[in-house]
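Asks: Here it is, the structure in full.
The values are calculated or read from the model by the stated rules, or taken from the named source; none is laboratory data. Predicted, not measured: the structure shown is a model, and the values here were computed from it. For neighbour counting, all protein chains shown are included, and Cβ atoms are generated from backbone atoms with ideal geometry for every residue, glycine included.
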Amino acid sequence: MLSLRRPASAGRLLAQSVRRLYEKFSAENTREARGLRLLRDWVTPAQWNQLETLGYFEVVGCDTGKRYRIYRGRMTNIYEIDEFGCLREGWCFVPFGFLAAGDVMLAQKIALETSESAALAVANRFLPRRLVSRDRGHAW
């Protein structure tokens with residue numbers, strides 16, 4: 001006689017699979033994950049690769065042609081860099097509201113690339129006592 005009942009272990013495996021699928025979907029649908037997906041859609045492949053491997057991506061200001069590194073984060077995460085890639089000074093400006101890090105970094109990128117002077121006019125400039133390279137961990 002053929003039994004149509006599933007073994008108890010098959011039901012448990014199905015429940016675990018559904019739970020894992022739900023957890024994966026939930027993790028990918030957080031505001032932080034959505035912010036990073038939006039950022040990925042707006043940066044170049046080279047910028048995304050920099051962010052993934054180095055923890056920052058570089059942009060060029062539209063008014064001065066200066067280069068900036070935007071590090072992962074929401075504030076005090078922008079550094080002007082010189083022609084040798086050394087960190088020179090920091091800039092802090094953020095959009096209003098409590099936004100995900102990806103959304104903040106995207107706003108900073110767009111501001112520097114389209115309205116550099118206006119963005120820096122409202123930014124707080126900071127010169128750390130000791131400039132420390134956030135990507136290599138040694139002092140400059």
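Asks: Given GLY65, GLY102, GLY97, GLY73, which one is assigned to a loop (DSSP other than H, G, I, E, B) and surrounded by 12 or more Cβ atoms within 10 Å (Cβ to Cβ)?
Replies: GLY73
Asks: Tally time: how many residues in the stretch 30-62 are part of a helix (DSSP H, G or I) and closer than 23 Å to GLU80 by Cα?
Replies: Count: 14.
Asks: Residue pairs, Cβ under 7 Å, 6 or more apart or interchain, first in the stretch 52-75 and small (Gly, Ala, Ser), second assigned to a strand (DSSP E or B) and surrounded by fewer than 17 Cβ atoms within 10 Å (Cβ to Cβ). List them.
Replies: Nothing qualifies.
Asks: Another one. Could you please find all residues in the stretch 96-140 being modelled with pLDDT under 95 and among the polar types (S, T, N, Q)?
Replies: Across the stretch 96-140, the qualifying residue is only SER133.
Asks: Still on this model: Which residue out of ARG67, ARG72 is within 19 Å of the chain's Cα centre (by Cα) and within 29 Å of GLU28 (Cβ to Cβ)?
Replies: ARG72
Asks: Does LEU13 satisfy the condition of being at pLDDT 95 or above, out of contact with any strand residue (DSSP E or B) (no Cβ under 6 Å at 6 or more places or on another chain) and surrounded by 10 or more Cβ atoms within 10 Å (Cβ to Cβ)?
Replies: Taking the combined requirement at face value, the residue does not satisfy it.
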